[in-house]
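One structure is given here, and the rest of the page talks about it.
The values are calculated or read from the model by the stated rules, or taken from the named source; none is laboratory data. Because the structure is a prediction, the values reported are computed rather than measured. We place every Cβ from the backbone using ideal geometry, glycine too, and count neighbours over all the protein chains shown. Calculation scope for accessible area: heavy atoms of the full protein, side chains included, ligands and nucleic acids excluded. Shrake-Rupley method; radii C 1.70, N 1.55, O 1.52, S 1.80 Å.
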Amino acid sequence: MAMTAAAAAQDDPALYPHNWNKWYAMVPAYLYGKDANAFIREAAPRYLKPASVVADLASGEGRNAVFLAQAGHTMHAVDWSQSGHDKALALAQERGCAQRLHCHVAPVTEWRPPAGLGSLDAVVMTY
């Protein structure tokens, strides 16, 4: 049975974590699909107030950030992969919510919200 791109990336230290930028760029499809993680789909309406400001750490190709932007939240997608952000922005354009998606190329351990730490209503980190 063929290994999926995501499984190969997780199993091969040469591909994780520093080569995600190349990996996202060379795989035309979205590694985890375009639909948000099931937990995000279920939890966001329950726990996020309308028009929240949310950071999605290690956002990858942005499926969760785009889902939340589509729901009216201002999103800060943080990932060190520019090619992942390129896919996230394309998905946000496709879904009509690009104006609410702000991509930041940075390690999650170093990124700080532009308006300060107290400016976020929530932080998500899931795949």
Checklist line | Hits in segment 78-97 (condition: farther than 15 Å from Lys34 by Cα and not polar (S, T, N, Q)) | finding: Val78, Asp79, Trp80
Next item on the list: Check whether at least one residue in segment 79-91 is of a type in the set (Gly, Ala, Ser), over 22 Å from Ala43 (Cα atoms) and without any contact (Cβ under 8 Å) to a residue 12 or more places away in the chain, and report yes or no.
Entry: yes
Next item on the list: Quick one: in segment 34-84, of everything that is in a helix (DSSP H, G or I) and touching a Cys at 6+ places or on another chain (Cβ under 7 Å), which residue is most open to solvent (accessible area, probe 1.4 Å)?
Entry: Gln70
Next item on the list: Return only the number of the condition from (1) closer than 14 Å to Met125 by Cβ; (2) open to solvent by 40 Å² or more (accessible area, probe 1.4 Å); (3) touching a strand residue (DSSP E or B) at 6+ places or on another chain (Cβ under 7 Å) that Arg100 does not satisfy.
Entry: (1)
Item checked: segment 46-71 - residue that is under 16 Å from Ala92 (Cα atoms) and of a type in the set (S, T, N, Q) and, of those, farthest from the chain's Cα centre (by Cα) -> Gln70
